[in-house]
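Undergrad: First, the structure itself, so that you have it in front of you.
Computed from the coordinates by the stated procedures, all read-outs in this text should not be read as laboratory data. From a predicted model like this one, the values you see are computed outputs, not experimental measurements. Neighbour counts are summed over all protein chains in view; Cβ atoms, including those assigned to glycine, are modelled from backbone coordinates with ideal geometry.
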Amino acid sequence: MTKDVEAAEHVAEYSAKDYNDPPPAPLVDFEELTKWSFYRAVIAEFIATLLFLYITVLTVIGYKSQSDTDHGGDMCGGVGILGIAWAFGGMIFVLVYCTAGISGGHINPAVTFGLFLARKVSLIRAVMYMVAQCLGAICGVGFVKAFQKSYYIRYGGGANELADGYNKGVGLGAEIIGTFVLVYTVFSATDPKRSARDSHVPVLAPLPIGFAVFMVHLATIPITGTGINPARSFGAAVIYNKDKAWDDQWIFWVGPFVGAAIAAFYHQFVLRAAAFKALGSFRSNN
């Protein structure tokens, strides 16, 4: 009983713990361009996205090869959709863990866009991250094609395309909701208030982010192949370069950006009530 009381007091102590939100990032911060830490973060985003695309696209192509009955495969062979989802979610977990302390571990223009809207990163950093992510994605898929060209071409290059039987509205909705789940998880897992309130519960932020990617892939692979990451879709489309991949490309940019914007608004202005805090601060200063 004494232990229970001590535990309750311990939780209450941390629940009441003060926390400080970091100040909003400046909209444009030219001083960043003079710092090595900025360029190191951009390089980290480039390499992380390269590795992400290399491993995941190889997994997709490997599964299609092993399950292709026309070329000696087995319908039940390969890792299946479950394995593909694990590859995407697992790689995000690993790469976010590795790069979170350097660049924040975005590895996705939609995540960067959502964090920019929430003033977590400056415009310059957001733009440079997105450029690095897209270039990294192109290079990652380029390595896949260079190493396994025949398989790459035969099995669609891992490019995202709207599946037969689904209209563009369904595909767009899947991308919006899927990206909302991911970006909402990113905000929740990195929320300083949550970290202070729940500091007695050790939580590894990359883990829920990786699981969010895993779960979204399970749901949307049959619809769009799962984008929720414009760099992933763009890099695959650039190297594969077929009409279908380009015709559907807008879905994999508009959907993730809309989903990220909704997640940023929901977390910042509904859950965190940022607008009411700003209004209260304005009134107190006047």
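Undergrad: Counting other C-beta atoms within 10 Å, and keeping those with at most 14, which DSSP coil chymotrypsin sites (Phe, Trp or Tyr not before Pro) do you find in the stretch 17-125?
TA: Details: sites: Tyr19, Phe30, Trp36, Phe38, Tyr39, Phe46, Phe52, Tyr54, Tyr63, Trp86, Phe88, Phe93, Tyr97, Phe113, Phe116; in loops: Tyr19.
When the chymotrypsin sites (Phe, Trp or Tyr not before Pro) of the stretch 17-125 are filtered for loop state and at most 14 Cβ neighbours within 10 Å, Tyr19 remain.
Undergrad: I would also like to ask the following. Over the stretch 108-215, consider all pairs of different Cα atoms and compute the Kirkwood hydrodynamic radius from their mean reciprocal separation; express it in Å, one decimal. Spell out each step's value before the answer.
TA: Details: mean 1/r = 0.0600 Å⁻¹.
Result for the stretch 108-215 stands at 16.7 Å.
Undergrad: Using a basic spin-label model with each label point 7 Å from the Cα along Cα→Cβ, how many nm lie between Ile81 and Ala273?
TA: Taking the two extended label points, one gets 4.1 nm.
Undergrad: Quick one: of Lys120/Lys168; Lys145/Lys244; Lys35/Lys244; Lys64/Lys168; Lys64/Lys244, which pairs are farther than 30 Å apart, Cα to Cα? Present the calculation step by step, with values, prior to reporting the outcome.
TA: Details: Lys120/Lys168 32 Å; Lys145/Lys244 18 Å; Lys35/Lys244 42 Å; Lys64/Lys168 24 Å; Lys64/Lys244 18 Å.
Result: Lys120/Lys168; Lys35/Lys244 exceed 30 Å.
Undergrad: With a ≥ b ≥ c the root eigenvalues of the C-alpha gyration tensor of the stretch 51-154, is it rounded (a/c under 1.5), prolate (a/b larger than b/c) or oblate?
TA: On the way: a/c = 3.25, a/b = 2.19, b/c = 1.48.
Taking the square roots of the gyration eigenvalues as a ≥ b ≥ c, the stretch 51-154 is prolate.
Undergrad: Using Cβ counts within 10 Å as a stand-in for footprinting exposure, how do Lys149, Lys120 rank, fewest first?
TA: Details: Lys149 10, Lys120 21.
In increasing order of surrounding Cβ atoms, one gets Lys149, Lys120.
Undergrad: Let me ask you something else. Fewest to most neighbouring Cβ within 10 Å: what's the order for Asp74, Asp243? Can you show the working numbers first?
TA: On the way: Asp74 10, Asp243 7.
Ordered by Cβ neighbours within 10 Å, fewest first: Asp243, Asp74.
Undergrad: Sticking with this one: Give me Ile81, Ile92, Ile107 ranked fewest to most by other Cβ atoms within 10 Å of their Cβ, as a rough exposure proxy. Working shown, then result.
TA: Values: Ile81 14, Ile92 26, Ile107 33.
Fewest-to-most Cβ neighbours within 10 Å comes out as Ile81, Ile92, Ile107.
Undergrad: What's the extension gain from Val131 to Phe147 if we count 0.36 nm per residue and subtract their Cα-Cα distance? Please list the in-between numbers first.
TA: Values: separation 16, 0.36 × 16 = 5.76 nm, distance 2.45 nm.
Difference between extended and current length: 3.3 nm.
Undergrad: Sticking with this structure for a sec: Subtract the Cα-Cα distance of Ala219 and Phe30 from 0.36 nm times their separation in residues, and report this length gain in nm to one decimal.
TA: Numbers: separation 189, 0.36 × 189 = 68.04 nm, distance 4.13 nm.
In short, 63.9 nm is gained.
Undergrad: Quick one: which of 220-227, 233-240, 158-165 comes out on top by average Cβ neighbours within 10 Å, and what's the full order, highest first? Walk me through the numbers on the way to the answer.
TA: Values: 220-227: 21.8, 233-240: 25.4, 158-165: 19.0.
Ranked from most to least packed, the peptides come out as 233-240, 220-227, 158-165.
Undergrad: Provide, in order from the shortest bin, the percent of all Cα-Cα pairs of the stretch 99-144 in each 5 Å bin, continuing until the bin that contains the maximum pair distance.
TA: 5, 23, 29, 24, 11, 6, 2, 0
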